[in-house]
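S.K.: The structure follows.
The values are calculated or read from the model by the stated rules, or taken from the named source; none is laboratory data. All values reported here derive from a predicted model rather than from experimental measurement. Here Cβ is always computed from backbone atoms with ideal geometry, including for glycine, and neighbour counts include all displayed protein chains.
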Amino acid sequence: MAEPVAAVITVTDAGIRFKRNRRSSRSFKDLFAGRSRRTRPNEFWALRNVSFSVQPGEAIGVVGRNGQGKSTLLKLVAEVVLPDEGSVHVASGVAPLIEITGGFVNDLTVRDNVYLTAGLHGMKKAEIDSRFGEIIEFAEIGDFLDTPYKHLSSGMKVRIAFAVISRLEEPIILVDEVLAVGDKAFREKCYRRIEELLAGGRTLFIVSHSEKDLKRFCTRGLYLDKGKLVLDGPIMDVLNRYNSEYGVAP
């Protein structure tokens, strides 16, 4: 009998609590209070009691209205935020297409940003050297290699960011709405790149308000409502449930 395949993502009773305003503060004692401390009036749970696991090679779409915890869940999986209760275990490396232009340095050139960003994600200089040409070709930005990043248009910034992150060898890809920007031709290019990664056995975790995109990439869906996971099932079941309750695309 074949050994069961270990999950690449395991989320167990995860919850994360945010403040409603910046003026409020949490004491040192609060950091160790866990679920026993009562929620204060100026706090709310963005996610709570969320549990699921993801197997290698799955393509999962996260569905829900704005403000229901979708992007927060991706940030937990990316481990850029930590849960206030429960646990999140990610067994493999992550390529985060989440706020992808945020890590670039305005005063550095496009060339320098490619090396810096790829290096921060673990690529060695020799690897970056070997992939530099395909990154620039994909982004269609060869005439701007020595231009400071801050002088690029928003569309060009997304192009170069996607080109870099999508060349990482990490087994898990996290995508948060980045495909909603850019021109139609480049979006289709990004779609084909994601399909190549999926065909190569990568695991996809995507937040999108495009039902078309979710149907194209995903076989499974997670439906979040008011910070709770209300349905985990086939993507069409999740979309149908969402549409029956709200009558609009997620």
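S.K.: Among the candidates Gly57, Gly61, which residue alone is assigned to a loop (DSSP other than H, G, I, E, B), under 30 Å from Val164 (Cβ atoms) and modelled with pLDDT of 90 or more?
M.R.: On the way: Gly61 fails: assigned to a loop (DSSP other than H, G, I, E, B).
Of Gly57, Gly61, the one residue that is assigned to a loop (DSSP other than H, G, I, E, B), under 30 Å from Val164 (Cβ atoms) and modelled with pLDDT of 90 or more is Gly57.
S.K.: So which residues in segment 150-191 are modelled with pLDDT under 85, part of a loop (DSSP other than H, G, I, E, B) and either in contact with a helix residue (DSSP H, G or I) (Cβ under 6 Å, 6 or more places away or on another chain) or buried (at least 18 other Cβ atoms within 10 Å of the Cβ) (or both)?
M.R.: Glu177, Val181, Gly182
S.K.: Contact list please: Cβ distance under 6 Å, first residue in segment 107-134 and over 11 Å from Val164 (Cβ atoms), second residue in a loop (DSSP other than H, G, I, E, B) and among the aliphatic types (A, V, I, L, M), pairs at least six apart or on different chains.
M.R.: Close Cβ pairs satisfying both conditions: Arg111/Leu145.
S.K.: Please pick out the residue among Lys70, Lys19, Lys75 that is surrounded by fewer than 17 Cβ atoms within 10 Å (Cβ to Cβ) and either of a type outside the set (Val, Ile, Thr) or modelled with pLDDT of 90 or more (or both). Outline the logic, then answer.
M.R.: Working: Lys70 fails: surrounded by fewer than 17 Cβ atoms within 10 Å (Cβ to Cβ); Lys75 fails: surrounded by fewer than 17 Cβ atoms within 10 Å (Cβ to Cβ).
Sole residue among the options that is surrounded by fewer than 17 Cβ atoms within 10 Å (Cβ to Cβ) and either of a type outside the set (Val, Ile, Thr) or modelled with pLDDT of 90 or more (or both): Lys19.
S.K.: Do the conditions hold for Asp146, that is, is it modelled with pLDDT of 90 or more, in a loop (DSSP other than H, G, I, E, B) and either of a type in the set (Asp, Glu) or under 22 Å from Glu177 (Cβ atoms) (or both)? Before the answer, list the steps.
M.R.: Numbers: modelled with pLDDT of 90 or more: yes; in a loop (DSSP other than H, G, I, E, B): yes; either of a type in the set (Asp, Glu) or under 22 Å from Glu177 (Cβ atoms) (or both): yes.
Yes: the conditions hold for Asp146.
S.K.: Please indicate, with yes or no, whether at least one residue in segment 88-106 is in contact with a helix residue (DSSP H, G or I) (Cβ under 9 Å, 6 or more places away or on another chain), part of a strand (DSSP E or B), at positive phi and surrounded by 15 or more Cβ atoms within 10 Å (Cβ to Cβ).
M.R.: Taking every residue of segment 88-106 in turn, none turns out to be in contact with a helix residue (DSSP H, G or I) (Cβ under 9 Å, 6 or more places away or on another chain), part of a strand (DSSP E or B), at positive phi and surrounded by 15 or more Cβ atoms within 10 Å (Cβ to Cβ).
S.K.: Could you please find all residues in segment 223-249 being closer than 20 Å to Leu198 by Cβ and touching a helix residue (DSSP H, G or I) at 6+ places or on another chain (Cβ under 7 Å)?
M.R.: Within segment 223-249, Ile235, Leu239 qualify.
S.K.: Which pairs turn up if I take residues in segment 229-247 that are part of a strand (DSSP E or B) and at pLDDT 95 or above and look for partners that are exposed (fewer than 13 other Cβ atoms within 10 Å of the Cβ) and among the hydroxyl-bearing types (Ser, Thr, Tyr) with beta carbon separation below 9 Å, at least 6 apart in sequence or on another chain?
M.R.: Here the result reads none, with nothing in segment 229-247 linked to a residue that is exposed (fewer than 13 other Cβ atoms within 10 Å of the Cβ) and among the hydroxyl-bearing types (Ser, Thr, Tyr).
S.K.: Which condition breaks for Leu31 when tested against (1) modelled with pLDDT under 90; (2) outside any loop (DSSP other than H, G, I, E, B); (3) surrounded by 14 or more Cβ atoms within 10 Å (Cβ to Cβ)?
M.R.: (3) is the only condition that Leu31 fails.
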